[in-house]
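Report on the following structure.
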Amino acid sequence: MDPLGPNTKMIERALDLAATRHRVIAANIANVETPGYKAKVALFDEELDAAVVREREGVNPRENGNTVVMELEMADMRKNELVYRVFIQSLIQKTRIMRAAISGGGG
Amino acid sequence: MNLNNLFKSLSISASGMSAERFKMGLIASNIAHARDTDTGNGLPYRRKDAVFATILEGELAGGVEVADWVEDRVTPMQQVYMPGHPHADENGMVTMPNVNPHNEMVDMIMSSRTYEANLEASRIAVEIARQALEIGR
């Protein structure tokens with residue numbers, strides 16, 4: 001049994017996905033002026049049980065073929081940071097409970 | 001937990017900043033030479049542009065690099081009537097560079113905003129990594 005509870009693996013996956021997502025967004029921002037660059041998004045693939053990177057759909061390319069929308073990327077980046085924060089906090093909460101159990105609740 | 005993605009993010013954002021800084025250098029040069037009618041070879045200055053390309057391999061994969069810089073041969077050179085000018089032709093026309101300072105200023109602002117966006121991305125990467133360190137406290 002996982003000492004930190006059954007959801008720990010799920011949280012780890014979510015954190016990995018958020019980190020991958022941040023890398024992908026950073027790449028999109030860096031390439032906002034690269035001709036022909038297609039914006040990418042990181043998604044979780046249930047079957048592969050891992051984060052996968054795909055091209056963003058539904059965006060009209062600019063005249064140089066680039067599909068990065070800076071406002072969209074900035075919003076996604078901030079959203080992603082908040083999601084990461086939430087999962088980290090739940091992990092911290094779990095370790096606190098663990099510590100309380102070890103010390104018998106005294107400290 | 002894997003911090004590799006976050007470290008890569010930092011390198012990618014750095015590549016974006018460095019590419020934008022290079023571009024801003026070219027823009028500064030374009031503005032400085034906006035009325036340069038002789039660049040040493042008897043020809044007026046031509047505006048320069050950076051060519052960005054995505055880095056496909058290595059630690060910086062997904063980042064951006066300045067693949068090349070090119071002279072703008074599409075925008076026409078400007079003809080100005082200045083009969084007293086030493087570089088005027090027999091009709092008194094001087095060929096001025098194809099630099100429009102207004103366009104350059106707009107490009108400069110765009111470039112500097114993009115630099116800031118990359119900076120913000122690296123700031124958030126560090127913030128995320130710092131959050132992860134809180135687990136051990």
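The values are calculated or read from the model by the stated rules, or taken from the named source; none is laboratory data. Note that the structure is predicted; figures quoted are calculated from it, not measured. Cβ atoms come from the backbone with ideal geometry, glycine included; neighbour counts cover every protein chain shown.
When each of A:A26, A:A42 is tested for being small (G, A, S) and either assigned to a helix (DSSP H, G or I) or touching an Asp or Glu at 6+ places or on another chain (Cβ under 9 Å) (or both), the lone residue that passes is A:A26.
Among the conditions (1) surrounded by fewer than 20 Cβ atoms within 10 Å (Cβ to Cβ); (2) in contact with a strand residue (DSSP E or B) (Cβ under 6 Å, 6 or more places away or on another chain); (3) touching a residue at least 40 places away in the same chain (Cβ under 8 Å), the only one that A:T95 does not satisfy is (2).
The number of residues in the stretch A:47-65 that are hydrophobic (A, V, I, L, M, F, W, C) and not in a loop (DSSP other than H, G, I, E, B) comes to 4.
Examine the stretch A:1-23 for a residue that is hydroxyl-bearing (S, T, Y) and more than 12 Å from every other protein chain (Cβ to nearest Cβ), and state whether such a residue exists. No, the conditions are met nowhere in the stretch A:1-23.
Being surrounded by fewer than 16 Cβ atoms within 10 Å (Cβ to Cβ) and modelled with pLDDT under 95: is that true of B:E90 here?
yes
Taken together, the residues in the stretch B:118-135 that are within 30 Å of B:I27 (Cα to Cα) and without any contact (Cβ under 8 Å) to a residue 60 or more places away in the chain amount to 3. Check the stretch A:66-82 and report whether any residue there is under 21 Å from B:R137 (Cβ atoms), touching a residue at least 12 places away in the same chain (Cβ under 8 Å) and polar (S, T, N, Q). No.
If you filter the stretch B:73-125 down to residues that are out of contact with any helix residue (DSSP H, G or I) (no Cβ under 6 Å at 6 or more places or on another chain), within 11 Å of chain A (Cβ to nearest Cβ) and of a type in the set (A, V, I, L, M), you find that the one that is farthest from A:R21 (Cα to Cα) is B:M110.
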